[in-house]
Amino acid sequence: MMPEAHFAFSLIIWNLLHRIGIASDYLSLFIVLGIGVGIDIDVIFVKPHRISFLHYPLTWIIVGLIFSFLSVEYTYMIIASSLGHFILDSIDWSVYWLAPFSMRNFGLKIQEKNSKLDPHSDKLVDFIKEYYKDMRMILIEMTLLIMVLMICII
Ligand SMILES: [Zn+2]
């Protein structure tokens, strides 16, 4: 998914955490948005970027557990925001949910099934162009944006 989808979904996650009393300040908002959107920073360094350790759910479970020494709220925020990222990434393509133990990818692969692009060799800009030509992706993004607006209003 694209950054705006991750941003919207992270805002939804933060709002839900906030409502149950876990995320209560601007730092928590920064953490949830930073992780939820920032995981894709690996696109700069690794090709295909979803094989990097930043896209391993286990990485964020470990990070969350490490931060539990400061506060268990950090653990919830880190794990919830990263899992939110991976859930969205599992819709368009797939995620290596069991990495590094297994490099089998799981997901709905809505785009991956019909894509002729190769994550090992094709350019990021080609993936972006393909993404925005797919009305299903646009529909999912619009749904997320509407959900964020509704949650912010309520
Ligand atoms: Zn991602």
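Of the trypsin sites (Lys or Arg not before Pro) found in segment 26-116, those in coil by DSSP whose Cβ has at most 11 other Cβ atoms within 10 Å are R104, K113, K116. Model label sites at L117 and M103, defined 7 Å from Cα along the beta-carbon direction, differ in position by 2.1 nm.
The HN-Hα couplings worked out from phi for segment 9-17 by the Karplus form 6.51 cos²θ - 1.76 cosθ + 1.60 (θ = phi - 60°) are 5, 5, 5, 4, 4, 4, 4, 5, 4 Hz, whole numbers, x standing for Gly and Pro.
Placing unit charges on the Cβ atoms of the charged side chains and taking the dipole of segment 3-149 about its Cα centre, the candidate lying farthest along the positive direction among H85, S28, F69 is H85. Once the gyration tensor of the Cα atoms in the chain is diagonalised, the equivalent ellipsoid follows with semi-axes of 26, 20, 12 Å, ordered largest first. Packing, taken as the mean count of other beta carbons within 10 Å per residue, orders the peptides 130-138, 85-93 from highest to lowest as 85-93, 130-138.
Using the crude model of +1 on Lys and Arg Cβ and -1 on Asp and Glu Cβ, and no other charge, please compute the dipole size for segment 3-149 relative to its Cα centre, in debye to 20. Kindly include the intermediate steps, with their values, before the conclusion.
Working: 11 positive and 14 negative charges, 61 e Å.
Computed charge dipole of segment 3-149: roughly 300 debye.
Centroid-to-centroid, using Cα positions, segment 20-49 and segment 77-140 are 17 Å apart. For K47, a cut-off of 20 angstrom between C-alpha atoms picks up these aspartates and glutamates, skipping any fewer than 8 places away in its own chain: D89, D92, E112, D118, D122, D126, E130.
Taken together, the values in this text are just the output of simple stated rules run on the coordinates, not laboratory data. Everything numeric here is computed off the predicted structure, so don't read it as measured data. Backbone-built Cβ (ideal geometry, glycine too); neighbour counts: all protein chains shown.
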